[in-house]
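The values are calculated or read from the model by the stated rules, or taken from the named source; none is laboratory data. Here the structure is a predicted model, which means the values were calculated and not measured. All Cβ positions, glycine included, derive from the backbone under ideal geometry; neighbour counts span all protein chains shown. The protein model used for the area step is the full one, side chains on, heavy atoms only, and it has no ligands, DNA or RNA in it. Shrake-Rupley method; radii C 1.70, N 1.55, O 1.52, S 1.80 Å.
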Amino acid sequence: MARPRPFVGLLAGVAAGLVASAAMAVFQAQAQKLLPDPDEDDPATVKAADAASEAVIGDPVPEPYREPAGQMVHYVAGAVIGGIYGVLTEYRPEARSGFGSAYGIATAALLDEAAMPAAGLASASEDTPLAVHAYGAASHLVYGWVLEGVRALIAGRR
């Protein structure tokens with residue numbers, strides 16, 4: 001095994017996480033067309049932006065900034081999760097299993113199925129339609145694949 005380079009892994013992971021988040025957003029924009037009409041409820045990213053805004057200034061994100069604030073949450077989360085992945089792969093190359101598939105599915109399980117519902121940012125898993133679960137898993141697979149591809153290019157490790 002090559003000597004771990006945590007700083008290189010972190011930088012490569014953050015950059016790859018941003019690119020993977022963009023790829024995920026493009027995939028989601030197209031895949032959403034296949035889902036039943038969404039509820040009028042805000043996406044979890046907008047709810048998270050509201051929660052942060054309320055904690056800092058005592059008010060939710062103002063209407064004209066809601067969508068961009070949700071996108072910012074999406075990209076910040078993608079960069080952080082990518083940075084963790086980049087460092088992890090420096091110490092545990094097996095974390096790259098399935099060309100990032102395992103990590104993508106793990107993030108779907110931890111975020112979409114556990115953390116978001118627990119934080120009140122999404123419906124409970126049992127109240128979510130199967131198509132929405134599949135959409136989330138597919139979205140995170142795209143994230144994982146692009147994350148690994150870009151991380152490998154930047155870090156120079158495959």
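Side notes on the structure shown:
- 14 Å beta-carbon shell around residue 12, net charge (K/R +1, D/E -1): +3
- The relative contact order of segment 98-158, computed from alpha carbon pairs under 8 Å that lie at least 6 residues apart in sequence, is 52 percent.
- The residues of the chain expose, per residue, 57 Å² of accessible area to a 1.4 Å probe.
- Computed from label points 7 Å out along Cα-Cβ, the spacing between residue 119 and residue 101 is 2.8 nm.
- Solvent exposure ordering (accessible area, 1.4 Å, most first) of 75, 65: 65, 75
- Taking a ≥ b ≥ c as the square roots of the Cα gyration tensor eigenvalues, segment 67-158 comes out prolate, since a/c reaches at least 1.5 and a/b is larger than b/c.
- Here segment 38-158 exposes an accessible surface that is 66 percent carbon and sulfur, computed with a 1.4 Å probe and the other protein chains kept in place.
- Candidate residues 66, 158: accessible-area rank, largest first, probe 1.4 Å: 158, 66
- At the residue level, residue 127 shows approximately 110 square angstrom of accessible surface with a 1.4 angstrom probe and all protein chains present.
- Computed from Cα positions, the angle between helix 130-155 and the longest principal axis of the chain comes to roughly 40 degrees.
- Contact order relative to length of segment 48-125, as percent, for alpha carbon pairs under 8 angstrom and 6 or more apart: 16
- Virtual paramagnetic centre 7 Å along Cα→Cβ of residue 153, amide N under 18 Å, in segment 84-113: 86, 99-101
- Using alpha-carbon coordinates, inclination of helix 6-31 to the longest axis of the chain, degrees: 40
- Tensor-based shape of segment 1-103 (alpha-carbon gyration tensor, a/c under 1.5 rounded, otherwise prolate or oblate): oblate
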